[in-house]
Amino acid sequence: MNNLHLNHLRELESESIYVIREVAAQFEHPVLLFSGGKDSIVITHLARKAFFPAKLPFPLLHIDTGHNFQETLDYRDNLVNNIGAQLIVGSVQESINQGKAVEENGYNASRNVLQTITLLDTIEKYKFDAAMGGARRDEEKARAKERFFSHRDEFGQWDPKNQRPELWNIFNGKKNMGEHFRVFPISNWTEMDVWQYILLENIEMPSLYFTHQREVFCRDGNWLATAPFMKLKENEKAEVKTVRCRTIGDITCTGVTLSEANSLEEIIEEIAATRVTERGGRADDKRSEAAMEDRKREGYF
Amino acid sequence: MSFSKNGYLDMELLRFTTAGSVDDGKSTLIGRLLYDSKSIFEDQLEAVKRASIQKGNDYINLALLTDGLRSEREQGITIDVAYRYFATPKRKFIIADTPGHVQYTRNMVTGASTANAAIILIDARNGVIEQTHRHAFIASLLQIPHIIVCINKMDLVDFKQSVYDVIKKTFADFAEIIDIKDIRYVPISALKGDNVVDESKNMHWYNEGTLMSILETIPIENDYNFVQTRFPVQYVIRPLTEDHHDYRGYAGRVAGGIFRKGDNVKILPSGLPSKIKSIDLMENELEVAFPPMSVSISLEDDIDISRGDMIVKNDSLPTISQDIEITICWMNQKPLVIGRKYNLMHTTKEVKCIIKEILYKINVNTLEKIIDEKEVGLNSIARVMIKTTKPLIFDSYKSNRVTGSLILIDEVTNETVGVGMIV
């Protein structure tokens with residue numbers, strides 16, 4: 001074996017950097033969707049690598065459901081400050097106030113679906129023609145067929161039967177007026193790759209990912225964090241547990257797992273031993289077997 | 001699980017594609033690879049168990065693991081390329097799962113374009129059939145370096161060696177007339193698990209390794225071209241800040257050869273000479289860059305270089321021309337139109353082109369040249385001459401998959417309508 005050889009993480013890194021640079025080269029107003037979760041943190045890191053020593057040639061966009069962990073907001077503001085990036089916040093609350101979105105009711109009410117409305121609105125407002133996101137193909141069945149460059153019509157919708165063929169490393173970003181692209185630079189990464197890369201590159205992560213004490217309750221077999229806007233059912237009881245977040249998004253649908261993992265190494269060992277998928281803890285996917293596919297057609301991330 | 005930063009993190013990445021006819025058991029095979037390598041999570045397996053019972057299946061239908069979209073579940077077939085991931089302690093794998101239908105040649109071409117290896121499935125009861133020829137031909141056309149022929153459903157032919165031998169011989173004879181370098185054969189039962197991950201107890205006459213052990217050990221480090229130096233400029237980094245006032249970096253992904261700091265280079269198409277000042281990736285200055293690394297190269301001289309140009313070394317120059325012969329695979333419902341303008345993307349360059357002439361079509365099942373029929377429609381493969389508005393800087397696809405490939409885009413719909421491999 002020769003020495004001129006990249007390991008899997010470096011090969012994935014190189015592929016993602018190539019995709020991010022293609023976006024900057026092919027589009028006029030790209031944007032990077034930043035949720036504060038590990039995937040968007042990794043993409044931001046890759047984007048910095050892609051253009052260093054220049055600053056990011058696009059802003060970060062946070063679609064804010066208003067139901068965030070405070071740690072996520074602090075981390076976001078700190079990061080934006082450190083790397084000198086521009087941050088745009090799209091507010092779901094504002095969409096609700098404007099009557100564009102209607103708040104869900106009931107115990108499982110979530111603003112996760114409403115994010116789509118705010119996202120499409122923000123894309124239109126700023127005339128973004130490409131929105132990069134941290135979705136990975138290993139997350140969910142419907143995502144397995146996503147392209148790196150995913151074409152969206154003027155309503156922001158995805159047509160899985162009519163996707164453009166994507167060959168080699170040639171990415172067709174051509175579009176008509178009003179259409180845009182979703183681009184997924186880390187399509188080929190798995191949850192394990194993401195954590196290994198974070199370790200390899202020593203990327204600072206929000207404290208939520210590491211073990212901590214938190215008030216939680218159990219619903220349908222998943223642990224959820226309590227929050228002022230979460231209603232508990234009669235048989236549910238809030239208790240303090242030792243947990244960490246496996247995915248970070250909106251509080252209402254982010255599952256926490258009982259864990260004592262306190263370092264990146266321990267998280268990686270935990271994931272290696274885990275027998276449930278990352279999205280297993282996400283309440284939004286359980287609504288129906290084809291839940292993700294339906295949301296994606298309508299313009300979800 | 002043992003864990004060390006240097007050992008565990010240092011795996012190779014192997015991309016492979018799967019080709020088989022309908023009912024050859026492709027989804028079952030992929031399900032089996034995922035299941036036996038313990039890449040299936042409990043909640044996924046639970047969902048598949050539930051669905052299997054609902055459908056009245058007697059066993060866990062592993063094929064359901066990979067059925068993605070609702071329209072597929074309804075029709076019970078795979079309609080598009082889906083990507084799957086799994087890892088063993090030796091390698092990380094990316095599977096491009098492509099359907100075997102006649103009308104879906106375009107999907108197999110897509111999946112094959114990035115693959116190091118292709119698994120071609122053959123039903124032991126049917127042997128080498130017309131579709132097997134097509135799969136092998138596409139694999140050779142796309143220059144997939146390694147082919148693994150899986151003779152599946154051995155359980156249905158009583159695990160007989162004679163069946164395997166006949167199929168192996170038939171395929172090998174056919175492979176001689178097409179260009180495939182590395183072929184291996186494995187008799188398996190995807191349904192029962194024989195020779196997929198675990199060695200078969202029913203075929204002691206076979207001892208060349210399970211499918212998984214082949215996937216784990218095929219040497220892939222020479223799948224890239226390390227000889228001819230090619231660096232298509234993708235993006236010019238100009239920070240224009242106080243700290244980096246004069247910095248100008250040419251960002252891109254090495255498409256061939258080895259670049260080192262201090263190398264004398266030539267910029268194409270201008271032909272101007274220069275020297276590599278540094279190779280950078282963020283704060284790290286690198287001594288060497290090779291495929292498929294994404295880096296940023298800065299030069300000693302201040303030359304006007306933009307996206308679409310190519311940095312090469314003086315030996316072994318690529319071809320620069322506007323008249324190019326390609327093998328094209330047509331990917332769109334609307335057939336190719338001679339004389340019409342198409343947008344063309346090649347490496348990081350975009351030009352327009354017209355298709356001057358269709359030399360011949362190729363019957364993908366028999367590999368015969370078709371001279372008298374000139375309609376190139378969806379899933380057709382043909383040899384054509386194109387002329388571009390500006391010169392392309394290229395190699396033959398055989399010598400370099402990056403600088404030898406291109407796509408054609410409809411000017412009105414912007415769809416990718418054709419993909420080409422330069423002859």
If I take R0 = 41 Å and measure r between the Cβ atoms of A:E201 and B:D372 in this structure, what FRET efficiency does the formula 1/(1 + (r/R0)^6) give, to the nearest 0.05? 0.10
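Quote the FRET efficiency, to the nearest 0.05, computed for A:E234 versus B:T217 with a Förster distance R0 of 56 Å and r equal to the Cβ-Cβ distance. Let's see the in-between values first.
Numbers: r = 58 Å, r/R0 = 1.03.
Approximately 0.45, to the nearest 0.05.
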So if I place +1 on the C-beta of Lys and Arg and -1 on the C-beta of Asp and Glu, and nothing else carries charge, what would the dipole magnitude of the range B:9-217 be about its Cα centre? I want it in debye, nearest 20. 160
Phi-based couplings in Hz for the range B:155-164 (Karplus 6.51, -1.76, 1.60; Gly and Pro marked x): 4, 7, 10, 6, 6, 7, 4, 4, 5, 4
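Taking the beta-carbon count within 10 Å as an exposure proxy, list A:V240, B:V166, B:V254, B:V364 from fewest neighbours to most. Working shown, then result.
Working: A:V240 10, B:V166 15, B:V254 26, B:V364 21.
Least to most surrounded, the residues fall as A:V240, B:V166, B:V364, B:V254.
With contacts defined as alpha carbon pairs under 8 Å and 6 or more residues apart, what's the relative contact order of the range B:319-422 in percent?
Numbers: 255 pairs, mean separation 39.6, N = 104.
Normalised by residue count, the contact order of the range B:319-422 is 38 percent.
I need the shape label for chain A. Rule: rounded when a/c is under 1.5, else prolate if a/b > b/c, else oblate, with a, b, c from the alpha carbon gyration tensor.
Here chain A falls in the oblate category.
Antiparallel DSSP bridges in the range B:9-217: what percent, to the nearest 5?
20
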Each residue of the range B:346-359 in turn: what ³J(HN,Hα) in whole Hz from Karplus with 6.51, -1.76, 1.60 and θ = phi - 60°, glycine and Pro shown as x? 9, 6, 10, 10, 10, 9, 10, 8, 10, 8, 7, 7, 9, 6
Round to the nearest 0.05 the FRET efficiency obtained for A:F155 and A:E215 when R0 = 25 Å and r is the Cβ-Cβ distance. 0.05
Of B:V295, B:H244, B:I258, which is farthest towards the positive pole of the range B:231-313's charge dipole, taken about the Cα centre with +1 and -1 on the beta-carbons of Lys, Arg and Asp, Glu respectively? B:I258
With springs connecting C-alpha atoms under 10 Å apart, model chain B as a Gaussian network and identify which of B:E373, B:E283, B:E350 has the largest mean-square fluctuation. B:E283
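Of B:V81, B:V48, how do they rank once you tally other Cβ atoms within 10 Å and put the fewest first?
Values: B:V81 25, B:V48 22.
By the 10 Å Cβ count, ascending, the order reads B:V48, B:V81.
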Measure of compaction for the range B:9-217 (Cα Rg per 2.2 N^0.38 Å): 0.96
Positive-end residue, the protein assembly as shown charge dipole about Cα centroid, Cβ charges, pick of A:I267, A:L200, B:C353: B:C353
Charges only on Cβ, +1 for Lys and Arg, -1 for Asp and Glu: so what's the dipole of chain A about the Cα centre, in debye to the nearest 20? 480
Search the structure for amide H atoms under 5 Å from the amide H of A:R219, placed 1.01 Å from N in the peptide plane, and list their residues when 5 or more places away or on another chain. A:L224
Which whole number in µm²/s is D for the range B:360-421 by Stokes-Einstein, with the Kirkwood Rh taken over Cα pairs at 4 °C and 1.567 mPa s? 96
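Can you tell me, using C-alpha contacts under 8 Å and at least 6 residues apart, the relative contact order of chain B as a whole percent?
Details: 914 pairs, mean separation 49.3, N = 423.
The value is 12 percent.
Pop out the Kirkwood hydrodynamic radius of the protein assembly as shown from its pairwise C-alpha distances, inverse of mean 1/r, in Å to one decimal. Could the numbers behind the result be given before it?
Values: mean 1/r = 0.0372 Å⁻¹.
In the protein assembly as shown this quantity evaluates to 26.9 Å.
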If each of B:F174 and B:M282 carries a label point 7 Å out from its Cα toward its Cβ, how far apart are those two points in nm? 4.8
Once the piece of chain linking B:S270 and B:K201 is laid out straight, how much longer is it, given 0.36 nm per residue of separation minus the C-alpha distance between them? 18.5 nm
So what's the back-of-envelope 222 nm ellipticity for chain A, counting only DSSP H runs of four-plus at -39500 (n - 2.57) apiece and dividing by all residues, rounded to 500? -9500 deg cm²/dmol
Dipole magnitude of chain B, debye to nearest 20 (Cβ charges: Lys/Arg +1, Asp/Glu -1, about Cα centre): 500
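What relative contact order, as a whole-number percentage, does the range B:9-217 give when Cα pairs under 8 Å and 6 or more residues apart are counted? All intermediate terms of the calculation are to be shown ahead of the outcome.
Details: 369 pairs, mean separation 48.1, N = 209.
With pairs under 8 Å counted, the relative contact order is 23 percent.
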Likely footprinting exposure, A:V243, B:V423, fewest C-beta neighbours within 10 Å first: B:V423, A:V243
Projecting the Cα atoms of B:Q54, A:G84, A:H212 onto the charge dipole of the protein assembly as shown, where Lys and Arg contribute +1 and Asp and Glu -1 at Cβ, the residue farthest towards the positive end is B:Q54
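Rounded to the nearest 500 deg cm²/dmol, what is the calculated helix-only ellipticity per residue at 222 nm for chain B, with -39500 (n - 2.57) per DSSP H run of length n ≥ 4? Walk me through the numbers before you get to the answer.
Values: 8 runs with 78 residues, N = 423.
When only DSSP H runs of four or more count, the value is -5500 deg cm²/dmol.
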By the gyration tensor of its Cα atoms, with a ≥ b ≥ c the square roots of the eigenvalues, what is the shape of the range A:152-194: rounded for a/c under 1.5, prolate for a/b over b/c, or oblate? prolate
Can you give the extra length, in nm with one decimal, that the chain gains between B:E411 and B:D304 once fully stretched, where that is 0.36 nm per residue apart less the Cα-Cα distance? 35.6 nm
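FYI, it's all coordinate maths here, none of it is from the lab. In this text the structure is predicted, and so the values were computed from the model without any measurement. Positions of Cβ are generated from backbone atoms using ideal geometry, with glycine treated the same way; all protein chains shown enter the neighbour counts.
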